[in-house]
Amino acid sequence: MRVAFLVAWFLLPAMALSQAPKPPGVAEFISIDAPAFIVNHVRVIDGTGAPAKEDQAVVVADGKIQSITPASSVKIPPAAKQFDRTGYTVIPGLVGMHNHLYYTNSYSVQLTGGKLTEPGLFIAEIPYTAPRLYLAAGVTTMRTTGSVEPYTDLKIKQRIDSNQMPGPSIDATAPYIEGAPTQFSQMHELTGPDDAKRMVEYWAAEGMTSYKAYMHITRDELSAAINAAHANKMKLTGHFCSVTWPEAIALGIDDFEHGPVFTDTEFVSDKKPDTCPRGGEQTWLKQDINGSQVQELIHNLVSHHVAVTSTLPVFESSVPGRPKLQSRTLDAMSAESAQSYLAARARVPLDSPVGAMMRKEMDFELTFVKAGGLLLAGPDPTGNGGVLPGFGDQREIELLVEAGFTPIEAIQIATENGAKFLDREDQIGTLAAGKQADIVLIKGDPSKNIEDIENVETVFKAGVGYDSKKLIDSVRGQVGIR
């Protein structure tokens, strides 16, 4: 009797939380909102890299995982709802580490005579559709990894945190810390190291929680930005060109975006200091991943604990005939976005070298991880418009498997590794008793067929289950305009 009383007392906070009314625009997408429940007879991929476990029961109460045990021996809490999901798999909520709240579908229509005109490329924010698609695909935590509409990003984060709209938890990255010249009309051009420091401190005060340096920054500006970010106990990542990877490592960078094949210019023979040269990726095509120069870079990364973020989907969009067209992608796009994407896709040259570059990048990432490197995952929904929020996160996992990782390893990269980088591995990223109940329920077995990762039925965020199909249906025909 005493045990039953204690269990009931423990569940009272969960009951109050669960039964609190959800505002319009959120409640309609919730399919499971119980104080305590069991997802029974499921396959569990826990995100640690351990083999999948069959016929498990996952007990959730008060927004946290209470236990994961064989279904045959589960202890059922009083009044807990039971959901039999035989044939389904659960994985941790995805931690998207190169995600945006904007979309670059209109690049082709902004060109005049094949060139950008003043004031430069303008990028559209998609604050309504992006958060819904991310959550629908299983992304429960994401880093924005560069902002063009910072106050909109902060507002989205605040609205999601206060349960006013559906979406993932957000690590909000400040506006790009970029040098001159930049082709983007919404990016500030730094005037020197003092400006870089000022920018970091301003956005820290405004509520941003991470930073990203960009292609034309100088070494002195980058050093000032890194030092200011670290002084605020925040991390700084980078997509570089003017600064080489070894230079950025020496300055204390925390992470590199995209991998080196498309961004590291250290092998360009006539590279000038603090200047972005052309053809860096061509020099990487000539490199042997197992050769001394690349191995030295990998050792440098690992010894300095610098992570690398894989963004394979954005490169795949420039490979002839890839990816295969999916109706779900075209259905989500506005008519204008779909037309722009299909036109850009048709213009990809049949002899494009990007396929070979992507394969080289895959080989680097596989070798980097085998050497002990921390690889993160994100889709980078930019490029020609074919990479959409959420769908791109799933595609990234599939491409990691194509790169040579096992499905279990690819899921770990997209879950636990991101949580580690965000210093939140004690809360999210893996499935274990005591952790936040961020759980993705998938029909099928992605440990054997990685494409099953797309068959998401329910996404639990802190124990509240969201209907994936309803979220996707709510943005149909609107990506690119809303």
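Remarks
- Residues of the range 400-418 that are surrounded by 24 or more Cβ atoms within 10 Å (Cβ to Cβ) and either among the aliphatic types (A, V, I, L, M) or outside any helix (DSSP H, G or I) (or both): LEU400, ALA410, ILE411, ILE413, ALA414, THR415.
- Residue that is of a type in the set (A, V, I, L, M, F, W, C) and either farther than 16 Å from PRO260 by Cα or in contact with a Pro (Cβ under 8 Å, 6 or more places away or on another chain) (or both), where the choices are LEU312, LEU366, LEU350, LEU375: LEU350
- Some residue of the range 126-138 being in a loop (DSSP other than H, G, I, E, B), on the phi > 0 side of the Ramachandran plot and not assigned by TED's automatic domain parsing to the domain that holds PHE391: no
- The residue that is modelled with the lowest pLDDT, counting only those in the range 33-85 that are acidic (Asp, Glu) and part of a strand (DSSP E or B), is ASP84.
- Residues that are among the acidic types (Asp, Glu) number at least 1 in the following strands (runs of 3 or more DSSP E) confined to the range 187-306: 255-257.
- Unique match (being among the polar types (S, T, N, Q), under 16 Å from TYR214 (Cβ atoms) and surrounded by 22 or more Cβ atoms within 10 Å (Cβ to Cβ)) among THR191, THR145, THR129: THR145
- Search result, residues across the range 96-123 that are of a type outside the set (Ser, Thr, Tyr), buried (at least 24 other Cβ atoms within 10 Å of the Cβ) and either within 21 Å of GLU189 (Cα to Cα) or modelled with pLDDT of 80 or more (or both): GLY96, MET97, HIS98, ASN99, HIS100, LEU101
- Selection from the range 437-469 of residues that are assigned to a strand (DSSP E or B) and within 23 Å of THR309 (Cβ to Cβ): VAL440, VAL456, VAL459, LYS461
Here's the yes/no breakdown for (1) touching an Asp or Glu at 6+ places or on another chain (Cβ under 8 Å); (2) closer than 26 Å to VAL39 by Cβ:
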residue	(1), (2)
ASN384	no, no
PRO389	no, yes
GLY392	yes, no
THR415	no, yes
ALA419	yes, yes
GLN427	no, yes
VAL440	no, yes
ASP445	yes, yes
PHE460	yes, yes
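- Close pairs (6 angstrom Cβ cut-off, 6 or more residues apart or separate chains): surrounded by fewer than 23 Cβ atoms within 10 Å (Cβ to Cβ) in the range 232-245, of a type in the set (A, V, I, L, M) anywhere: ASN232/ALA204; CYS241/MET215
- Pair list, Cβ under 9 Å, 6 or more apart: the range 338-360 residue under 25 Å from ALA403 (Cα atoms), other residue in a helix (DSSP H, G or I) and among the acidic types (Asp, Glu): PRO353/GLU281; VAL354/GLU281; VAL354/GLU316; GLY355/GLU316; MET357/GLU281; MET358/GLU316; LYS360/GLU281
- A residue that is modelled with pLDDT of 95 or more, over 19 Å from the mean Cα position of the chain (by Cα) and either outside any helix (DSSP H, G or I) or not assigned by TED's automatic domain parsing to the domain that holds LEU101 (or both) can be found somewhere in the range 167-177.
The values are calculated or read from the model by the stated rules, or taken from the named source; none is laboratory data. From a predicted model like this one, the values you see are computed outputs, not experimental measurements. A quick note on method: Cβ atoms are made from the backbone with ideal geometry, for glycine too, and the neighbour counts reach across all protein chains shown.
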